[in-house]
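First up is the structure itself, then whatever we jot down about it.
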Amino acid sequence: MVWRRLSVPGTASLAMLHDSIQIINGWDDSHLNQFRIFGKDYGVYHDGGISFNDNARTVYIDDFKFDVGDK
C-alpha cells in the first residue's frame with residue numbers, strides 16, 4: 001500500500017483536489033476518483049463515467065466544516 005499526504009487550502013474546490021491528486025501521482029486524468037464525504041459521493045464528471053449531483057468545481061473543502069481528525 002502506498003500513502004501520500006497532500007495539503008490543500010480549504011478554499012480549494014473538489015475539482016482542484018482531483019487535479020492535485022492526478023498531478024502528485026503523475027497521472028494523466030485517466031485515473032478517475034470519487035470522494036465520499038459524509039456519506040455523499042462527489043467527483044469530476046468525464047464522458048462515459050459516473051455522474052454526480054453536484055459540480056465539483058463549485059463545491060469547496062471549507063463547505064464541509066471538517067473538524068481536526070475528520071477523514
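Some observations on this one:
- Top-ranked residue in the stretch 23-42 [being part of a strand (DSSP E or B) and touching a Gly at 6+ places or on another chain (Cβ under 8 Å); ranked as modelled with the lowest pLDDT]: GLN34
- Where a residue in the stretch 57-71 is closer than 10 Å to LEU14 by Cβ and its partner, wherever it lies, is assigned to a helix (DSSP H, G or I) and among the aliphatic types (A, V, I, L, M), with Cβ under 6 Å and at least six apart: ARG57/ALA15; VAL59/LEU14
The values are calculated or read from the model by the stated rules, or taken from the named source; none is laboratory data. Every value quoted in this text rests on a predicted model; they were computed, and no experiment measured them. Note: ideal-geometry Cβ built from the backbone for every residue, glycine included; neighbour counts use all protein chains shown.
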